[in-house]
Structures are given as structure tokens and as C-alpha cells.
1. Output the residues belonging to segment 75-120 that are more than 20 Å from Ala163 (Cβ to Cβ) and not hydrophobic (A, V, I, L, M, F, W, C).
2. For segment 90-107, which positions are assigned to a helix (DSSP H, G or I), hydrophobic (A, V, I, L, M, F, W, C) and without any contact (Cβ under 8 Å) to a residue 40 or more places away in the chain?
3. Among (1) hydroxyl-bearing (Ser, Thr, Tyr); (2) surrounded by 12 or more Cβ atoms within 10 Å (Cβ to Cβ); (3) in a strand (DSSP E or B), which single condition is Tyr157 missing?
4. Only one of (1) in a loop (DSSP other than H, G, I, E, B); (2) of a type outside the set (Val, Ile, Thr); (3) under 17 Å from the mean Cα position of the chain (by Cα) is not met by Arg58, so which one is it?
5. Is it the case, given these coordinates, that Asp97 is at pLDDT 85 or above, assigned by TED's automatic domain parsing to the domain that holds Leu130 and loosely packed, with under 10 Cβ neighbours inside 10 Å?
6. Taking the criterion of being at pLDDT 85 or above and exposed (fewer than 15 other Cβ atoms within 10 Å of the Cβ), would at least one residue in segment 13-28 satisfy it?
7. In segment 114-140, which residue that is assigned to a helix (DSSP H, G or I) and modelled with pLDDT of 95 or more is farthest from Gly84 (Cα to Cα)?
Amino acid sequence: MSTPVAYYHQGGRNITMKRVRQGATRRSRPASDGAVRFTVSLPASLMRTLDRLRSARRYSNRSEFVRDLCRAELVKKEWHEQAGETVGVLVLVYDHDTRALADKLADIQHDRHEMITSALHVHLDRHTCLEVIPLRGAAHAIERLANDLLSVKGVRYGQLVPATTGKTLT
């Protein structure tokens, strides 16, 4: 059984890597950090979903979309494995009419003031507020603070977005 042909881009040209005998070794990518072309098989329904997402997010091609999906996963992995200080952004949507909710959220934030760099408070409507809270600290501490805020009764929606400097991403 022969190995599939691999393609990569170098200097604006597509380069085809030749098939090699089974058991032989070869580089899976070129010596430079050029792009490597590979084939992925997906069920038709998943492909349609991928194309809808790509189009909705205004990507001009699948390659850029898939690259960004991969980078997002790398950021998550890097964020969880990182030692020392990192950053994240917490988004909260809540009903400010819920009894004592604003006070509870403020108390939790004040207890961990060293982790909170700032906060943006937006009135979405007469009863609903949005808060965007940048956080700084160890990943496990950021997750713990985010979970403490997300679990307060009256918070309708929330999400922690891990962030990175992106220095290790290509």
C-alpha cells in the first residue's frame, strides 16, 4: 500500500511530495514552515455545517477557517498548561432585578480585586445587564473566579474566554 501524496506551498507554488515505499520515512512538512496540504474526509452534513459557519464568519476559504479553528484549540491547550500568570475575559449577562445579585457579584469581584483589571457594565434593556471582565492570574484561579461569578443565582449566561499573547502560534 502506498502512502498518499502530500502537497505543500512554498514561495507561492504548490509542491507535490512523491509517494514513498511503505516503511520508509519522509518529512511530513517542508524544511521551511510553508503550508502543508492534506485531505480530510467528513460526512456531507458536517461539511455543509462547516461551510455555513465559514461563510457566516466571512472567511473567503476553508483553509483560513480551519487554520483559525486549529489555532483556537491551541490557545485553549496553551492556556490550561501555562505556568504563571495568564489572562482571560469573562462575559456575564444577568437580571439586575434579582434580589441582591449585583451586591453578590460586586462582593466576589472585590474579594479578588487583584485579578480584575477592569470591568465594563452595559445596560442591555430595563432589566438586563452585560458585564465584561478582563481577568489576570493563574489559569486555575481565573477559572475558579469565573465559576464563582457564573454560579450566582440570577446570572442568565456567562462564558470565560481564555486569551493568550499568541507568541507560540503560527
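The values are calculated or read from the model by the stated rules, or taken from the named source; none is laboratory data. Keep in mind that this is a model prediction, so the values were computed, not measured. Cβ: placed from backbone, ideal geometry, glycine included. Neighbour counts: every protein chain shown.
1. Tyr94, Asp95, His96, Asp97, Thr98, Arg99, Asp103, Lys104, Asp107, His110, Asp111
2. Ala102, Ala106 - these are the residues of segment 90-107 that are assigned to a helix (DSSP H, G or I), hydrophobic (A, V, I, L, M, F, W, C) and without any contact (Cβ under 8 Å) to a residue 40 or more places away in the chain.
3. Checking Tyr157 against (1) hydroxyl-bearing (Ser, Thr, Tyr); (2) surrounded by 12 or more Cβ atoms within 10 Å (Cβ to Cβ); (3) in a strand (DSSP E or B), the one that fails is (2).
4. (3)
5. So Asp97 does not fit the description; no.
6. If we filter segment 13-28 for residues that are at pLDDT 85 or above, which is where we start, we get none.
Scanning segment 13-28 turns up no residue that is at pLDDT 85 or above and exposed (fewer than 15 other Cβ atoms within 10 Å of the Cβ).
7. So the residue we want is Glu114.
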